[in-house]
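The values are calculated or read from the model by the stated rules, or taken from the named source; none is laboratory data. The structure displayed is predicted, hence computed values, not measured ones. Here Cβ is always computed from backbone atoms with ideal geometry, including for glycine, and neighbour counts include all displayed protein chains.
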Amino acid sequence: MADDLDDDFYISEPVVADEGEGDSGNDINDKVSEDENQTVSEITSLPIKRPSSHISPVDDQPPKKKKKRKRKRITEELAKNKPTNAKKDDLFNFVHSNFDGKLSSVEWDDLKLNTDKDVFESNQKGKPPSEYCQEILPKWEKMLQTPLKAGSPLVIVLTASAIRAVELNRDLNDFKTKKCKTAKLFGKHLKVSEQQQYLSKNICHVAVGTPLRVLNLIKSESLKLNKLVAVILDWNKRDVKSKRMIDIPEVKQALLDLLKGGLVSAVHNSQSKFAIL
């Protein structure tokens, strides 16, 4: 019966893998399991989005506004603390606080005041304008004999407003005497061109005005500073709102510009001084 079988006939045997190859199937399965575990781990580690109902109501509230610090009015301060007249150091402090650190060292040296050399004793006792001026300029009548050119006053008086300038000019009559000629350098009904024309033709011993107008006339070279003996600041006078000239922003700025624009240099380069009325 065996002869009936073909020569090519053979009995197939089950294929058995070699040792070492048989483990590869298990490695693949293990890797798949590891990948699945890693995927699950990644999913569980993702941040969970909460529905809007879980958001704290604080998030919906608008940010609180910062409370503004209420600045006390000058009248309130004066009600608590009785005002005192300025000392001559106050002018130094005024210049220092507004210019120190904002100028080059050379500019600051030109602007820095020496209170002993550059400033008269201030009117701390509140004497009337004429009396105070007679005190700081005892030889005034002799000074009136000084030969002057047009537009070169001996004294410049600076105040906050045109109305106050008129009042102050009147209060100085006893000091000025009848021989004294006065230039009114403020803006009330007086044009700059008219004042320029007046200064170009007339000798004046005293000039009474506001800082801005005086500054403009100095810039135009209509008002000259070469004969100055005193620059008087109407420092202590308060207006209806209890403000001094240094408390009014536009007047304060004009005064600072005037000090920097030649007034301090004129004092440094002469025998003149500042005075605090």
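Would it be correct to say that LYS149 is within 27 Å of LEU217 (Cα to Cα), modelled with pLDDT of 95 or more and loosely packed, with under 14 Cβ neighbours inside 10 Å?
yes
For VAL166, the test of being part of a strand (DSSP E or B) and either surrounded by 22 or more Cβ atoms within 10 Å (Cβ to Cβ) or under 33 Å from the mean Cα position of the chain (by Cα) (or both) is failed.
For region 139-157, the condition of being free of Cβ contacts under 8 Å to residues at least 40 places away in the same chain, hydrophobic (A, V, I, L, M, F, W, C) and in a helix (DSSP H, G or I) holds for at least one residue. When residues in region 177-213 are screened for being over 25 Å from GLU250 (Cβ atoms) and in contact (Cβ under 8 Å) with a residue 40 or more places away in the chain, 6 of them pass.
Which of the residues that make up region 197-229 are among the polar types (S, T, N, Q) and buried (at least 17 other Cβ atoms within 10 Å of the Cβ)?
Of all residues in region 197-229, those among the polar types (S, T, N, Q) come to 197, 200, 202, 210, 216, 220, 222, 226.
Within region 197-229, THR210, ASN216, SER222 qualify.
Yes or no, residue by residue, for (1) modelled with pLDDT under 95; (2) among the charged types (D, E, K, R); (3) touching a His at 6+ places or on another chain (Cβ under 6 Å):
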position	(1), (2), (3)
CYS204	no, no, no
PRO211	no, no, no
VAL231	no, no, no
ARG238	yes, yes, no
SER242	yes, no, no
MET245	no, no, no
LEU256	no, no, no
ALA275	no, no, no
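Looking at region 126-153 only, could you name the residues that are closer than 27 Å to ARG238 by Cα and either under 32 Å from the mean Cα position of the chain (by Cα) or aliphatic (A, V, I, L, M) (or both)? Those that are closer than 27 Å to ARG238 by Cα and either under 32 Å from the mean Cα position of the chain (by Cα) or aliphatic (A, V, I, L, M) (or both): GLY126, ILE136, LEU137. Close Cβ contacts (under 6 Å, 6 or more residues apart or on different chains) running from residues in region 110-132 that are closer than 13 Å to PHE92 by Cα to residues that are of a type in the set (Gly, Ala, Ser) and surrounded by 14 or more Cβ atoms within 10 Å (Cβ to Cβ) comprise PHE120/ALA275; SER122/ALA86.
Are any residues in region 86-132 among the polar types (S, T, N, Q) and over 19 Å from ASN269 (Cβ atoms), and if so, which ones? Result: ASN93, SER97, ASN98, SER104, SER105, SER122, ASN123, GLN124, SER130.
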